[in-house]
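Data first, discussion second: the structure below is written as structure tokens.
The values are calculated or read from the model by the stated rules, or taken from the named source; none is laboratory data. Quick caveat: nothing in here was measured; it's all calculated off a predicted structure. Positions of Cβ are generated from backbone atoms using ideal geometry, with glycine treated the same way; all protein chains shown enter the neighbour counts. With ligands, DNA and RNA removed, areas are computed over all heavy atoms of the protein, side chains included. Shrake-Rupley method; radii C 1.70, N 1.55, O 1.52, S 1.80 Å.
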Amino acid sequence: MSYEFDFSFLAEYWPELMRGLWLTAKLSAITMVGGFLVGTLLAVARKSRLTWVRCAAGVYVELIRNTPLLVQMFLIYFGLSSLGVKLSADFCAALSIVINISAYTCEIMRAGIESIRKGELEGGSCLGMSGIEATALLKRHLPEVQVIIVTVHREHEQIFDALKAGACGYL
């Protein structure tokens with residue numbers, strides 16, 4: 001058996017394919033940075049001493065992680081437009097992907113923060129360090145936290161999830 005592949009018909013669609021590739025790359029970059037920043041802030045909120053902040057962040061994370069990304073995209077795009085808020089499809093896609101990625105990043109960052117032994121921070125305060133100085137001890141242990149965070153990130157393959165979600169935003 002002999003197969004002959006002919007992709008010549010794709011030449012006429014090349015500009016559209018390149019626009020889709022550019023949009024996917026742009027959405028992926030924006031949503032990875034935005035999701036990381038929002039997720040890190042949420043991780044700090046999950047460790048807050050204020051009960052209402054901790055609970056609000058926990059409800060957000062659980063709600064977002066337990067709904068599919070496509071449902072979130074539909075709710076943001078169609079739900080906001082039904083309320084009279086008109087946003088571009090690209091912005092709605094980016095917003096929904098940032099919201100989704102931030103919930104997963106929150107849990108990853110929280111796990112990294114919790115991996116720091118409490119005794120090390122207590123040791124800093126026993127030596128007379130202020131809260132800021134004791135927190136600076138985290139810098140010394142940043143490599144061990146990075147290993148945990150990178151390992152968890154690798155398991156969740158968030159970069160590939162962002163690329164797939166960026167492509168989904170093009171649809």
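Averaging the inverse of every distinct alpha carbon separation and then flipping it gives the Kirkwood radius. What is it for region 35-82, in angstrom units? List each step's numbers first, then the result.
On the way: mean 1/r = 0.0838 Å⁻¹.
That comes to 11.9 Å for region 35-82.
First compute the accessible area of region 1-124 with a 1.4 Å probe, then give the percent of it belonging to carbon and sulfur atoms.
On region 1-124, the fraction of accessible area on carbon and sulfur atoms equals 70 percent.
How much FRET efficiency would the formula 1/(1 + (r/R0)^6) give for T67 and F9, where r is the Cβ-Cβ distance and R0 is 35 Å, rounded to 0.05?
Once the sixth-power term is evaluated, E becomes 0.35.
Convex hull volume of the Cα atoms in region 1-131, per residue, in Å³?
220 Å³
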